[in-house]
Amino acid sequence: MKNLQVLLVLFFGSVFNINSYAQTTPKSTISVEKVSAEIRKVKFANPPINVIVPETISSLNEIIKDLSKDSTVKVVIFSSDVKGYFFNHFDLTQFANFAAQRTADGKPMWVDLITNIHSAPFITIASIKGRTQGGGDELTMAFDLRYASKELAVFEQPEVGVGLFPGGGGTNMLPRLIGKDRALEVFATGNDYDATIAEKYGMVTRTLPNAELDSFVNKLANRLATFDKTALLTIKQQLNLVAAPSEAERLASYAEFLKSLSWPGLQLRVPIFGAMYGKIGVEKLEQNMGFYLGEGNKQVQQQKK
Amino acid sequence: MKNLQVLLVLFFGSVFNINSYAQTTPKSTISVEKVSAEIRKVKFANPPINVIVPETISSLNEIIKDLSKDSTVKVVIFSSDVKGYFFNHFDLTQFANFAAQRTADGKPMWVDLITNIHSAPFITIASIKGRTQGGGDELTMAFDLRYASKELAVFEQPEVGVGLFPGGGGTNMLPRLIGKDRALEVFATGNDYDATIAEKYGMVTRTLPNAELDSFVNKLANRLATFDKTALLTIKQQLNLVAAPSEAERLASYAEFLKSLSWPGLQLRVPIFGAMYGKIGVEKLEQNMGFYLGEGNKQVQQQKK
Amino acid sequence: MKNLQVLLVLFFGSVFNINSYAQTTPKSTISVEKVSAEIRKVKFANPPINVIVPETISSLNEIIKDLSKDSTVKVVIFSSDVKGYFFNHFDLTQFANFAAQRTADGKPMWVDLITNIHSAPFITIASIKGRTQGGGDELTMAFDLRYASKELAVFEQPEVGVGLFPGGGGTNMLPRLIGKDRALEVFATGNDYDATIAEKYGMVTRTLPNAELDSFVNKLANRLATFDKTALLTIKQQLNLVAAPSEAERLASYAEFLKSLSWPGLQLRVPIFGAMYGKIGVEKLEQNMGFYLGEGNKQVQQQKK
């Protein structure tokens with residue numbers, strides 16, 4: 001993993017203006033707005049492309065745990081403050097730091113975060129107005145309800161195409177929602193899925209025209225805010241019992257992800273995608289991830305010959 | 001539960017012309033028509049709004065058990081004789097009686113009914129031409145095949161909005177059919193779902209234009225009636241093994257429902273909805289349940305302030 | 001089973017030009033084309049109607065096992081060389097031979113084949129340009145990704161209508177993909193499902209206009225061929241862990257199928273469908289299987305009266 005880290009910093013470092021691994025403690029911004037006694041809005045921002053950094057995970061985990069202690073909160077809406085992106089993938093320069101993130105009792109913090117979202121005594125609603133990719137998309141799948149902008153939402157899992165295993169819980173959740181074959185297509189191909197096909201497959205609860213999304217979500221939140229908290233919590237818990245992946249299952253997936261960090265196929269692809277980020281530009285590449293994932297792998301193929 | 005019963009009778013009693021709990025033994029009408037040696041039609045009626053009363057459960061259970069003993073029966077079609085409604089929710093004045101309904105060996109009779117429908121040696125078909133709500137909708141989910149009138153069918157689960165847990169088996173079945181997030185939306189919001197979205201989500205097998213529904217169902221029943229009974233029974237049993245919730249799972253849900261009868265949130269809402277029935281009128285309220293469920297909870301919210 | 005075999009040969013024998021059971025060793029043609037180091041195309045042909053014969057199962061199993069040993073293979077595309085059909089149902093004259101097919105350690109070879117497809121270290125893609133029925137449709141469900149021609153693909157399970165149990169694994173897979181009620185409709189009615197409804201139900205991954213299907217599948221295969229094999233294999237394995245039926249479950253289904261070979265309802269239907277093949281013609285009957293399945297059972301019904 002040491003070598004990988006060096007490689008990752010070497011090739012992705014410059015793209016994100018990181019001079020040295022040891023000195024970096026990248027931070028994202030997560031704000032919590034109190035809409036009413038019962039409703040909170042959690043907004044995420046990490047310009048320019050809303051990558052999840054280790055601090056995102058620990059901050060978000062603390063926010064979920066804090067809100068869980070507030071007996072008045074019934075609904076929490078998650079959205080993004082960065083145009084074009086909902087929660088995006090993990091920061092590619094931070095894998096060693098992600099791998100090191102543990103709770104006090106040694107559980108991977110990411111797994112703990114997903115567990116805490118599942119067990120939180122309020123309804124979580126994702127309002128998706130941009131791309132959500134990789135670990136960000138797996139986080140999205142953990143929210144109770146997911147409403148996507150017809151025009152702006154795009155879903156994509158680049159891990160397999162980069163040579164990684166997507167171990168953030170998505171492989172446990174998605175086949176339960178959309179069936180094994182469609183889930184395999186999503187994860188194996190790394191193609192872009194726009195909101196229309198995401199809704200058709202069942203990756204999101206509903207899509208709405210972008211102009212109507214906010215009012216739809218707010219109306220829904222306001223409605224639920226008047227309902228009995230015990231009733232809301234119990235319906236969530238009971239549906240989780242039937243249909244949510246267990247923490248044990250998600251821990252096994254996360255272990256596969258950690259293992260995949262040392263796959264040779266990843267190390268082969270890191271310099272190629274690193275160079276591609278430099279050449280194409282971060283935003284253009286991210287906004288066409290499905291396409292460039294294919295282009296990068298074509299280069300891998302040619303290199304082998 | 002005693003207090004609740006008093007409250008429920010106090011506020012719903014007048015609406016349904018019930019003078020006192022002890023004196024009431026409300027009855028519905030369930031007829032069994034022999035269409036042919038192999039086909040039966042079970043028609044339910046309890047005007048004006050087709051609520052399920054305790055007698056509905058015991059009668060329906062006896063009918064299912066009787067038909068199960070008839071080796072010639074291959075298909076049983078369930079429909080309603082009351083315009084505007086398929087099986088509607090439980091009679092709100094009868095919760096204490098529902099809770100007391102047990103089989104000879106102490107099993108909740110509702111759970112036994114659903115088990116008997118699942119294990120009945122014939123194919124059950126629901127022909128849905130109106131609203132099905134609450135426990136009625138959960139009963140509907142227990143039928144093998146569900147065909148809904150595009151124009152007339154509406155699906156709604158008011159329990160959470162009233163401050164109850166919907167423990168009739170629907171929380172076990174629906175997430176298996178439509179995924180956890182969409183099932184949560186259905187149960188948590190208590191909104192109306194018309195046939196189009198119900199079909200899109202996968203809550204029903206198919207929708208048909210109302211003018212074609214009867215002939216579609218009859219044609220299907222006639223086809224199956226010519227098939228080998230052992231083959232029909234075995235395919236039903238084997239698919240249940242893979243995809244039907246176990247009785248143990250449904251017993252646990254029912255226990256949650258019984259527990260929910262003493263939730264303070266329910267007792268807070270009973271007088272408000274009781275008054276609302278009186279003011280709006282039963283049929284208008286029932287036909288706009290999703291809307292009035294929200295209105296009632298707005299009043300709960302205002303009352304708290 | 002001896003009597004059944006005699007009956008089957010008696011009535012289906014002439015249709016398929018088989019003079020005597022002992023002398024027949026019907027063969028299909030399965031070719032493996034090396035498209036590139038990473039991609040293979042497996043083409044199946046058994047004119048005129050592409051039935052699966054015992055040799056198909058053993059040959060296909062050997063091919064899967066051989067390709068699984070080739071570390072360069074990442075994608076295998078399955079298609080048909082016979083117009084109008086993808087993999088069709090089992091050869092109706094060969095049931096005794098199918099039942100006798102075992103692996104060295106006594107496992108039913110069909111179950112072993114499906115297990116080997118599930119565990120093969122490459123992505124399997126079905127390119128479906130015709131009818132797939134019965135065991136052929138169950139084989140189709142075992143492939144990782146399934147792309148169907150909008151105009152030409154038709155899915156049908158005749159077993160229940162013939163008086164058999166479809167024990168090839170389909171009853172384990174399909175309810176996981178499309179829900180219990182829709183799976184029951186497919187298996188119990190034996191109706192034809194065109195590509196549009198198959199996609200709507202989720203029986204196939206996607207449908208494509210026939211003119212675009214080949215290029216879609218080839219593009220997908222070429223993309224996956226450039227990805228890391230370990231990553232592709234792991235994502236397939238992990239999704240199977242969550243969502244594929246176990247071999248134990250499929251063995252139990254296969255045992256039900258073997259049992260069903262001695263059901264009286266089958267023996268009643270064999271002469272009727274045998275005569276119908278002779279009268280209607282094999283291809284016309286096969287291309288309208290859903291319809292003629294109903295017609296044959298009407299005759300069964302009339303015979304009883």
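What to note about this one:
- Positive-end ranking of C:Asn218, C:Ile235, C:Ser59 along the dipole of chain C, with charges on Cβ about the Cα centre, is headed by C:Ser59.
- Placing unit charges on the Cβ atoms only, positive for Lys and Arg and negative for Asp and Glu, gives chain A a dipole magnitude near 140 debye about its Cα centre.
- Relative contact order of chain C, defined on C-alpha pairs under 8 angstrom at six or more residues apart (%): 19
- Distances, shortest first, from the label point of A:Pro47 to those at the same position in the other copies read 6.8, 6.8 nm; the point lies 7 Å along Cα to C-beta.
- Rounded to the nearest 10 degrees, the angle from helix B:54-69 to the longest Cα principal axis of chain B is 10 degrees.
- Note on chain A: dipole from Cβ charges, positive end direction compared against A:Thr124, A:Thr207, A:Gly294; the farthest Cα belongs to A:Gly294.
- Equivalent ellipsoid semi-axes - Cα gyration tensor, the range A:147-299, angstrom: 33, 22, 13
- Rounded to the nearest 10 degrees, the inclination of helix C:264-280 to the longest alpha-carbon principal axis of chain C is 90 degrees.
- Set against the 2.2 N^0.38 Å expectation for a compact globular protein, chain A has a Cα radius of gyration ratio of 0.97.
- Simple Cβ-charge dipole of the protein assembly as shown, Lys/Arg +1 and Asp/Glu -1, about Cα centre, in debye nearest 20: 40
- Short-range pairs are left out: with C-alpha atoms under 8 Å and at least six residues apart, the relative contact order of the range A:188-298 is 41 percent.
- Between the range A:175-234 and the range C:153-231, the alpha-carbon center distance in angstrom: 24
- For the range A:149-232, relative contact order (Cα pairs under 8 Å, six or more residues apart, normalised by length) works out to 38 percent.
- The base-10 log of I(q)/I(0) for the range C:99-211, evaluated at q = 0.12, 0.20 Å⁻¹, reads -0.42, -1.08 [Debye formula, identical scatterers on Cα atoms, solvent excluded].
- Label point of A:Lys219 set 7 angstrom out along Cα-Cβ; within the range B:170-208, amide nitrogens under 15 Å from it belong to B:189-194.
- With kT/(6 pi eta Rh) evaluated at 20 °C and eta = 1.002 mPa s, and Rh the Kirkwood radius from Cα pairs, the protein assembly as shown diffuses with a coefficient of 73 µm²/s according to Stokes-Einstein.
- Considering only chain B, percent of DSSP beta bridges that pair antiparallel, nearest 5: 30
- Point-charge dipole on Cβ atoms (K/R +1, D/E -1) for the range A:138-188, about Cα centre, debye to 20: 160
- 22 Å Cα-Cα threshold exceeded, pairs from B:Lys180/B:Lys236; A:Lys74/A:Lys200; C:Lys41/C:Lys229; B:Lys107/B:Lys229: B:Lys180/B:Lys236; A:Lys74/A:Lys200; B:Lys107/B:Lys229
- Signed unit charges on C-beta, dipole axis of the range A:70-173, positive-most listed residue A:Gly134, A:Gly84, A:Pro108: A:Gly84
- Cα long-axis angle, helix A:109-119 against chain A (0 to 90 degrees, to the nearest 10): 20
- B:Lys259/B:Ala37 FRET efficiency (R0 35 Å; Cβ-Cβ; nearest 0.05): 0.20
- With Cα atoms as the point set, the range B:22-179 shows a radius of gyration and Dmax of 14.9, 45 Å.
- Ascending list, in nanometres, of distances separating the A:Thr196 label from those of the other copies (7 Å, Cα toward Cβ): 1.7, 1.7
- P(r) tail fraction, the range B:50-119 - alpha-carbon pairs more than 19 Å apart, %: 39
- The other copies place their C:Glu295 label points at 5.7, 5.7 nm from this one, listed shortest first, where each point is 7 Å from Cα along Cα→Cβ.
- Cleavage-rule hits, trypsin sites (Lys or Arg not before Pro), the range A:37-101, DSSP coil, Cβ neighbours within 10 Å at most 14: A:Lys83
Coordinate-derived values only; no laboratory data. These numbers were taken from a predicted model, which means no experiment stands behind them. Note that each Cβ is placed from the backbone with ideal geometry, even for glycine, and that neighbours are counted across all protein chains shown.
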